[in-house]
Amino acid sequence: MAVKFKIKKGDQVVVTTGREKGKTGEVVEVRRAESRVLVQGVNMVTKHVRASQAGPGGIEKKEAPLHISNVALIDPDSGKATRVGYEMDKDGNKTRVARRSGKAIG
């Protein structure tokens, strides 16, 4: 079952654990069914690709997905990791806010 996450495509995140700890990047894809995210330039792996009519083979470097619990949103104010909360604005729209600073996200 796919669950809803507070991290969305296009968000700036920081990796909190593992060998990629401290690296930052933009979320390229959110895989809700797997609870994973692809972060641009983070968790790079090499993949050997066989040649085909579509293109030549070779060794490609590409991003591997990270579990969503291992990334945290970056606070737009301080640039540090933060949790995400929700607030209703005066028009009744729900907006995401950074818990660290209280500023609106995206």
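Structure values in brief
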| quantity | calculated |
| --- | --- |
| ARG36, sole failed condition from (1) farther than 18 Å from LYS4 by Cβ; (2) within 21 Å of the chain's Cα centre (by Cα) | (1) |
| Among (1) of a type outside the set (D, E, K, R); (2) assigned to a strand (DSSP E or B); (3) modelled with pLDDT under 95 - the single one ALA2 does not satisfy | (2) |
| Residue list for the range 77-106, filter: without any contact (Cβ under 8 Å) to a residue 40 or more places away in the chain and on the phi > 0 side of the Ramachandran plot | GLY79, GLY92, GLY102 |
| Candidate set: the range 19-53, residues that are in contact with a helix residue (DSSP H, G or I) (Cβ under 7 Å, 6 or more places away or on another chain) and over 13 Å from ALA72 (Cβ atoms); chosen: the one surrounded by the fewest Cβ atoms within 10 Å (Cβ to Cβ) | SER35 |
| Criterion: assigned to a strand (DSSP E or B), free of Cβ contacts under 8 Å to residues at least 60 places away in the same chain and not β-branched (Val, Ile, Thr) - qualifying residue of GLU34, GLU29 | GLU29 |
| Filter pass, ARG100 being surrounded by 10 or more Cβ atoms within 10 Å (Cβ to Cβ), at pLDDT below 95 and part of a loop (DSSP other than H, G, I, E, B) | yes |
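The values are calculated or read from the model by the stated rules, or taken from the named source; none is laboratory data. On a predicted model such as this, the values are computed, not experimentally measured, just so you know. All Cβ positions, even for glycine, are placed from backbone atoms using ideal geometry, and neighbour counts span all protein chains on display.
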